[in-house]
Amino acid sequence: MRIPFLTPSPSHVAPLLSAERAADLAALHATGFARPWETHEFERMLCERGHMAHGLMRGRDLIGFILSRIVVDEAEILTVVLQPAARGSGQSRTLLATHLRALAEAGVRVVHLEVDDANAAALALYRRLGFTETGRRAGYYPRPDGTRAAALTMRATLA
């Protein structure tokens, strides 16, 4: 008897509409940042009006997410993270593009973000999706070794 090769289910992007996934977001966030956010911080943001989040899902498993704050017709991407095994696979482009489309549909015209100036992969992705550098914040991000990294501020205009 031949057993068929089973491939993992493909990933998809879905809105994160409630705070019930806050602990999952906090755990995933801790894999990507020296100063991760706590569960209660995600609970608060997901319950507040003016925040939008999307998750990158594989089946029911959360493998990445993006979270933004919206004020009138502008938004700030607060955080983006993928689980370590998913990084570098190109899935962050799908996640970010889907989120940007949803922001545009919500009336957002300008999106801001900040990114570690040493994160070449993220910088390349943001530039491919139309973000341009608007400034630099020296010593902004803490690193695990106790040093601090500069942040680049970027913005994109949504059509």
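In this entry, residue 85 passes the filter for residues that are more than 22 Å from residue 108 (Cβ to Cβ) and more than 11 Å from the chain's Cα centre (by Cα). The residue that is surrounded by the fewest Cβ atoms within 10 Å (Cβ to Cβ), counting only those in segment 54-71 that are at pLDDT 95 or above and among the aliphatic types (A, V, I, L, M), is 71.
Checked against (1) in a helix (DSSP H, G or I); (2) without any contact (Cβ under 8 Å) to a residue 60 or more places away in the chain, residue 99 meets all criteria but (2). Of all the numbered requirements in (1) in a strand (DSSP E or B); (2) over 15 Å from the mean Cα position of the chain (by Cα); (3) within 20 Å of residue 54 (Cα to Cα), residue 138 misses one, and that requirement is (3). Annotation: residue 13 fulfils all but one of (1) modelled with pLDDT under 90; (2) assigned to a loop (DSSP other than H, G, I, E, B); the unmet one is (2).
For segment 11-45, the set of residues classified as touching an Asp or Glu at 6+ places or on another chain (Cβ under 7 Å) and without any contact (Cβ under 8 Å) to a residue 24 or more places away in the chain consists of 26 only. Taken as a whole, the condition of being closer than 24 Å to residue 44 by Cβ and among the hydroxyl-bearing types (Ser, Thr, Tyr) does not apply to residue 89. With respect to residue 107, determine if the residue is more than 17 Å from the chain's Cα centre (by Cα), free of Cβ contacts under 8 Å to residues at least 60 places away in the same chain and farther than 25 Å from residue 16 by Cα. The answer is no for residue 107. Filtering segment 107-123 to residues that are at pLDDT 95 or above and either surrounded by fewer than 16 Cβ atoms within 10 Å (Cβ to Cβ) or polar (S, T, N, Q) (or both) leaves 107, 109, 110.
Is there a residue in segment 18-36 that is of a type in the set (Ser, Thr, Tyr) and at pLDDT 95 or above? Scanning segment 18-36, I find no residue that is of a type in the set (Ser, Thr, Tyr) and at pLDDT 95 or above, so the answer is no.
The values are calculated or read from the model by the stated rules, or taken from the named source; none is laboratory data. If you're wondering where the values come from, they're calculated on a predicted model, not measured in any experiment. Note that we place each Cβ from the backbone using ideal geometry, even for glycine, and neighbour counts take in every protein chain shown.
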